[in-house]
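A.B. asks: I have a structure I would like to understand better, so I am pasting it below and will then ask my questions one at a time.
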Amino acid sequence: MHVEIHNTDGINFKAKTSKAEFDIKPKEVSPIELFATAIICCSGTDMVMLPEKQGFKVDNLVIEADVERNESYPQKFNTMLVTYRFDSTADELTARRWVLSSMETYCSTLNTIRSDVKLSYTIVYNGKTIADKESLISGEGMKLTAENAGNIGGCCS
């Protein structure tokens with residue numbers, strides 16, 4: 001992966017990746033907000049693709065993150081509570097597995113911060129809370145190999 005930024009004016013930048021170009025305006029959306037947004041967007045991609053691979057569709061997907069940061073510099077993330085709200089026709093256990101598969105295995109961004117940030121999650125499935133502020137075990141996610149997991153083709157492949 002290669003990314004680059006070019007200063008355009010003041011603290012504004014043009015970002016380039018292998019797939020796209022876009023503007024970054026830190027006075028409108030700070031880089032740390034972009035980072036947090038990228039984390040939950042990566043998981044959101046999983047939350048669409050995992051069910052799809054199993055013949056299900058997820059509707060009304062909303063993912064939120066509440067982040068606590070250090071007060072002093074560097075103001076890194078300390079905790080992140082990720083709330084998943086969605087509907088589907090799958091059973092609750094399957095819905096919970098989609099969330100945990102994203103958080104523990106497939107989401108590259110969540111797993112990048114996992115060893116340093118206390119992660120927890122809430123799941124509201126078909127209007128019912130089926131998990132509330134449950135902690136994810138810290139540390140490395142499951143090591144993927146061809147034998148233990150398939151490639152779902154998520155956002156960060």
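Throughout, read-outs are computed from the coordinates displayed, never taken from laboratory work. No experiment lies behind these values; they were computed from the predicted model shown. As a convention, Cβ positions derive from the backbone with ideal geometry for all residues, glycine included, and neighbour counts pool all protein chains shown.
A.B. asks: Which ordering of ILE130, ILE40 is given by a fewest-first count of other beta-carbon atoms within 10 Å?
C.D. replies: ILE130, ILE40
A.B. asks: What relative contact order, as a whole-number percentage, does the range 46-121 give when Cα pairs under 8 Å and 6 or more residues apart are counted?
C.D. replies: 34 percent
A.B. asks: About the Cα centre, and with charges only on the beta carbon of Lys, Arg (+1) and Asp, Glu (-1), how big is the dipole of the range 30-135? Nearest 20 debye, please.
C.D. replies: My answer is approximately 160 debye.
A.B. asks: With a 10 Å Cβ neighbour count serving as the proxy for reagent exposure, in which order, fewest first, do TYR106, TYR121, TYR73 appear?
C.D. replies: Neighbour counts put them in this order, fewest first: TYR73, TYR121, TYR106.
A.B. asks: How large is ³J(HN,Hα) for each residue in the range 32-48, as worked out from phi by the Karplus curve 6.51 cos²θ - 1.76 cosθ + 1.60 (θ = phi - 60°), to whole Hz, x for Gly and Pro?
C.D. replies: 5, 5, 4, 4, 4, 5, 4, 4, 6, 5, 4, 5, x, 4, 4, 5, 9
A.B. asks: Rounded to whole Å, give me the distance from the Cα center of the range 68-103 to that of the range 1-61.
C.D. replies: 17 Å
A.B. asks: OK, next. List nothing, just return the count: lysine pairs in the range 30-135, 8 or more apart or interchain, with Cα separation under 21 Å.
C.D. replies: Total qualifying Lys-Lys pairs in the range 30-135 comes to 4.
A.B. asks: Specify the angular offset, from 0 to 90 degrees and rounded to the nearest 10, of the alpha carbon long axis of helix 92-101 from the longest principal axis of the alpha carbons in the chain.
C.D. replies: Approximately 30 degrees, to the nearest ten.
A.B. asks: Using Cα positions and a limit of under 18 Å, work out the lysines in reach of LYS14, with same-chain residues fewer than 8 apart set aside.
C.D. replies: Here the lysines satisfying the reach criterion relative to LYS14 are LYS25, LYS27.
A.B. asks: While we're on this one: Taking H as built 1.01 Å from N, whose amide H comes closer than 5 Å to the amide H of ARG69, not counting residues under 5 places away?
C.D. replies: ASN78
A.B. asks: Scan around LEU136 for amide H atoms under 5 Å from its own, H built in the peptide plane at 1.01 Å from N, and keep only partners 5 or more places away or cross-chain.
C.D. replies: Amide H to amide H, under 5 Å and 5 or more residues apart or across chains, LEU136 pairs with LEU119, SER120, TYR121.
A.B. asks: What ³J(HN,Hα) values, in whole Hz, does the Karplus curve 6.51 cos²θ - 1.76 cosθ + 1.60 give for the range 106-114 when θ = phi - 60°, with x put for Gly and Pro?
C.D. replies: Result, rounded to whole Hz: 7, 6, 4, 5, 4, 6, 5, 9, 4.
A.B. asks: If only Cα atoms are counted, what is the Rg of the range 54-118, and what is its Dmax, in Å?
C.D. replies: For the range 54-118, the Cα radius of gyration and maximum Cα-Cα distance read 14.4, 47 Å.
A.B. asks: Further question: Percent relative contact order of the chain, based on C-alpha pairs within less than 8 angstrom and at least six residues apart?
C.D. replies: The value is 19 percent.
A.B. asks: Ranking request for peptides 1-8, 22-29, 98-105: highest mean number of other beta-carbon atoms within 10 Å first, then the rest in descending order.
C.D. replies: Averaged packing, sorted descending, gives the order 98-105, 22-29, 1-8.
A.B. asks: With equal scatterers on the alpha carbons only and no solvent term, can you work out the Debye log10 of I(q)/I(0) for the chain at 0.09, 0.13, 0.15 1/Å?
C.D. replies: With one equal scatterer per Cα and no solvent, log10 I(q)/I(0) is -0.33, -0.68, -0.88.
A.B. asks: For the range 122-128, take each phi angle, set θ = phi - 60°, evaluate the Karplus expression 6.51 cos²θ - 1.76 cosθ + 1.60, and give the result in whole Hz per residue in order, putting x for glycine and proline.
C.D. replies: 10, 10, 10, 10, 6, x, 10
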